[in-house]
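Below: the structure, in structure tokens.
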Amino acid sequence: MRKPARPLCSLALIAGLASSVLAGERAQTPEKYKWRLEDIFPSEQAWEQTRTAAAARLPGLAAHRGHLGDSAAALLSALDAVTAIRMDLDKLGVYANSRSDEDTRLARPRELKQGAQKLSLDLSAATSWIQPEILSLETSKVREFLAQEPKLASYRVFLEEVLRWKPHTLSAAEEQVVALASDLSDTGQTSYGTLKDADLPYPTVKFSTGEVRLDPSAFTLHRASPVKADRDLAFQSFFSTIKGFERTFGTTLNAQVKGHLFDAKVHHFDSALAAALFPTDIPAAVYTQLVADVRRSLPSLHRFLRLRQRMLGLEKLRYQDLYVPMVDSVNLRFEPDEARAITLEAVAPLGAPYVATLKNGFESRWTDYLPSTGKRPGAYSTGVYGIHPFQLLNFNGQYDDVSTLAHESGHSMHTYLSYQHQPFQTSDYPTFVAEVASTLNENLLLHHMLEKAKDDATRLALLGNHLDRMRQTLFRQALFADFELQVHQRAERGEPVTGEALSALYLKLLRAYHGHDQGVCQVDDLMGVEWAYVPHFYYNFYVFQYSTSLVASTSIAKALREDLKAGGTKVRDAYLRMLSAGSSKPAIELLKDAGVDMTTSAPFDQAIAEMNGIMDEMEQLLGRQVKGKK
């Protein structure tokens, strides 16, 4: 009916150390920079009481079995009973996961996570008969019930989806077995997270700035060092550590891929890709079209890489040089409070109500800002229906972190608006549109900062940063999508999925995308193990949506600026309606309502045109600088 929401992950593993101090224990973090999970449960005791009560209601669901077709009232009663438990489960899951993410070393939060996961599995098993029983009814009867009982309206999307699933739904007994087997399907992801975030012996490295434990957060910071020796040391030390566990990481990803293949096979899908995209009704052709569009547009990426090499003054560009700020003379450093103020100013084109709501969220501690020892790296937004969104950051004071705040705030406002305008059943919007809200905010931030830029150097820094994000979101995520598809195809052909094989495949793709053989960007052999650093490969064909969402948001943002400049609000109104629509329509249709048709290459070509337009301006600015020095 409605799965517990997966946290909406920010692009490209953005994490880091605070600008003023190295990551310390969580107790050192000021309260104003911590999220307030007490808004969900005031105590662990309250959490446990809710879990126990929800679990106690599970056996009662069996009383509805065999009676869904008795009447519209009987169908409504059953669906309402399940929904009540699912709403509790969402609260339990978000609280437990968030507590665990605060410090992945602690045992008690992991116990809470396991308790929520067990309840989720028990609920899946206890309700596995519902879809088959609905499918056993005549379609006309289901629609007759919808017409008879107005309170079933909130379940219309669910019921129509069940009917769409008919070719891929098993008997009640078979679905129950599959539900029980799903307990094993995330073993690979769970093992991977524990190894990478908690148990991996990250090295202590002596940089020019001091000695640092090089965990993922520290690596993200130091890979951007302007000191070549420091970033070389960061890459070599970090990925050598990962390389030492290449076989184990290969085993965890292989286990996850096998789970994907099992689900696809038992539910009669032609491929794991088709199975992964079916729930959100995204044609597989949209995925493969993206990969093809990106591959034919690699000359634009190579143009950017050559521009980066020129601006850094490098004789040769290497993979280790891709995160260094392209303009190092501009002081783009921010404190969290500054980042919040800038974000609110940047999203002003979305209207006063949008800004006021986000401001209230900042003041009401929706966000956990600073890194601390054991904290989950990266950034995400999640939420609890009837309460509010929550977002996790690892803010280190760079412009990227301001952009990440805007990004995650886009997710959070999407969640908020959906919660405000949709019933629980359709409040969990498709991921395919989720990243539109986040990347559109990044686009608004860029243009806001460009308006404030007082000199060419700052403008170059901002434009270069935006191109870097386009590289990471459009090309890097598409590379991930390409890799993920090939990994699953390899497994579907019965070929081995080992750490060594994965590194060889990833290295081949890295070199193809970055023009290694053409002398554009050198990619060393060690970089082939980078796949083991990317958690998104465990999300079952998730990452391509970063790229498609950037394409869609670029198109909408351009139309929004043009409309507002002409004194109109039509584009903004349509966009906000999309954010408020939840999952009341398929994702492709939601975007069409907002003015973007993702079944064509036209939006992608618009994004590439913007990228090349930015490079045109940067080359003009660089030319002006050179001319001024003569």
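Quick look at the numbers
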read-out: Set K118, K113: member being under 27 Å from G259 (Cβ atoms), open to solvent by 70 Å² or more (accessible area, probe 1.4 Å) and part of a helix (DSSP H, G or I); value: K118
read-out: Matching helices (runs of 4 or more DSSP H) fully within the stretch 399-477 where at least 3 residues are free of Cβ contacts under 8 Å to residues at least 60 places away in the same chain and in contact with a strand residue (DSSP E or B) (Cβ under 8 Å, 6 or more places away or on another chain); value: 399-421
read-out: Failed criterion for S584 (all others in (1) part of a helix (DSSP H, G or I); (2) under 24 Å from L350 (Cβ atoms) hold); value: (1)
read-out: Count - residues of the stretch 65-100 that are free of Cβ contacts under 8 Å to residues at least 40 places away in the same chain and closer than 19 Å to E138 by Cβ; value: 3
read-out: Close pairs (8 angstrom Cβ cut-off, 6 or more residues apart or separate chains): under 22 Å from A81 (Cβ atoms) in the stretch 33-61, open to solvent by 50 Å² or more (accessible area, probe 1.4 Å) anywhere; value: T50/K91; A55/D122; L58/D122
read-out: Residue match in the stretch 552-559 (condition: over 15 Å from the mean Cα position of the chain (by Cα), more than 30 Å from L440 (Cβ to Cβ) and at pLDDT 95 or above); value: no
read-out: Filter result (exposed (fewer than 14 other Cβ atoms within 10 Å of the Cβ) and not basic (K, R)) within the stretch 293-317; value: P299, G313, L314, E315
read-out: Complete set of residues in the stretch 579-596 that are closer than 28 Å to A292 by Cα and either in contact with a Lys or Arg (Cβ under 6 Å, 6 or more places away or on another chain) or open to solvent by less than 20 Å² (accessible area, probe 1.4 Å) (or both); value: A587, I588, L590, L591, A594, V596
read-out: Residue match in the stretch 545-559 (condition: outside any helix (DSSP H, G or I) and at negative phi); value: no
read-out: Selection count, the stretch 422-435, where residues are under 17 Å from T473 (Cβ atoms) and modelled with pLDDT of 95 or more; value: 0
read-out: Residues that are among the small types (G, A, S) and within 21 Å of S503 (Cβ to Cβ), drawn from the stretch 245-271; value: G250, A255
read-out: Options E435, E451, E442: the member that is charged (D, E, K, R), open to solvent by less than 10 Å² (accessible area, probe 1.4 Å) and either touching a Cys at 6+ places or on another chain (Cβ under 9 Å) or within 15 Å of A557 (Cβ to Cβ) (or both); value: E435
read-out: Condition check for D281: open to solvent by 30 Å² or more (accessible area, probe 1.4 Å), without any contact (Cβ under 8 Å) to a residue 12 or more places away in the chain, within 30 Å of F158 (Cα to Cα) and not polar (S, T, N, Q); value: no
read-out: Residue within the stretch 174-197 that is farther than 30 Å from D80 by Cα, assigned to a helix (DSSP H, G or I), hydrophobic (A, V, I, L, M, F, W, C) and modelled with pLDDT under 95 present; value: yes
read-out: Some residue of the stretch 290-306 being of a type in the set (V, I, T) and within 23 Å of A224 (Cβ to Cβ); value: no
read-out: Filtered residues of the stretch 198-221 (kept if outside any loop (DSSP other than H, G, I, E, B) and either open to solvent by 50 Å² or more (accessible area, probe 1.4 Å) or more than 23 Å from L253 (Cβ to Cβ) (or both)); value: D199, T204, V205, K206, F207, G210, E211, V212, R213, A218, L221
read-out: Of the criteria (1) surrounded by fewer than 20 Cβ atoms within 10 Å (Cβ to Cβ); (2) farther than 30 Å from H302 by Cβ, which one T599 fails; value: (2)
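Table: residues versus (1) crowded, with 20+ Cβ neighbours inside 10 Å; (2) modelled with pLDDT under 95; (3) of a type in the set (K, R).
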{"site": "A356", "(1), (2), (3)": "no, no, no"}
{"site": "G378", "(1), (2), (3)": "yes, yes, no"}
{"site": "Q391", "(1), (2), (3)": "yes, no, no"}
{"site": "G397", "(1), (2), (3)": "yes, yes, no"}
{"site": "Q420", "(1), (2), (3)": "no, no, no"}
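The values are calculated or read from the model by the stated rules, or taken from the named source; none is laboratory data. Here the structure is a predicted model, which is why all the values come from computation and not from measurement. With ideal geometry, Cβ positions are generated from the backbone for all residues, glycine too; neighbour counts draw on all protein chains shown. Keep in mind that these areas ignore ligands, DNA and RNA; they rest on the heavy atoms of the full protein, side chains included. Shrake-Rupley method; radii C 1.70, N 1.55, O 1.52, S 1.80 Å.
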